[in-house]
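**Q** This is the structure, below, for whatever I ask next.
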Amino acid sequence: MKKIMIVLLTIIALGSCNKNELKDCKCGVVTDDAIENGNDFTLTIKNDCSGNTKKFYVTLNTWMDYPVGGNICMDQVW
């Protein structure tokens with residue numbers, strides 16, 4: 001019985017190590033949007049993998065297409 005428990009716990013532990021591989025680490029959730037200086041459009045995004053947030057300067061079209069709470073992918077990991 002102990003051997004079965006050890007094997008099951010090992011499988012569970014190893015299976016949980018690869019969570020980030022299932023996610024695209026260039027994607028995240030928009031947590032804030034703003035307009036700075038009247039014509040600089042920003043989106044603050046929380047990374048799906050790291051949980052880090054970063055402000056990105058984007059075009060008006062991108063700013064309009066991705067509201068707060070929406071998912072977006074950028075060209076870099078942050």
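**Q** Could you grab the pairs with beta carbons closer than 8 Å, sequence gap of 6+ or different chains, first residue in the stretch 18-47 and closer than 11 Å to W63 by Cα and of a type in the set (G, A, S), second one in a strand (DSSP E or B) and at pLDDT 95 or above?
**A** From the stretch 18-47, the pairs are A34/F41; A34/T42; A34/T44.
**Q** Inspect the stretch 33-40 for any residue being loosely packed, with under 10 Cβ neighbours inside 10 Å, modelled with pLDDT of 65 or more and polar (S, T, N, Q) and give the result as yes or no. Explain how you work it out, then say what you get.
**A** Going residue by residue through the stretch 33-40, those that are loosely packed, with under 10 Cβ neighbours inside 10 Å are 37-39.
Cutting the leftovers down to modelled with pLDDT of 65 or more gives us 37-39.
Within this subset, residues satisfying the condition of being polar (S, T, N, Q) are 37, 39.
Checked against the condition, which is being loosely packed, with under 10 Cβ neighbours inside 10 Å, modelled with pLDDT of 65 or more and polar (S, T, N, Q), the stretch 33-40 yields at least one hit.
**Q** Can you say whether G28 is modelled with pLDDT of 95 or more and within 28 Å of D65 (Cα to Cα), as far as the supplied structure shows?
**A** Values: modelled with pLDDT of 95 or more: yes; within 28 Å of D65 (Cα to Cα): yes.
Answer is yes for this residue.
The values are calculated or read from the model by the stated rules, or taken from the named source; none is laboratory data. Worth saying up front: this structure is predicted, and the values here are computed from it rather than measured. A quick note on method: Cβ atoms are made from the backbone with ideal geometry, for glycine too, and the neighbour counts reach across all protein chains shown.
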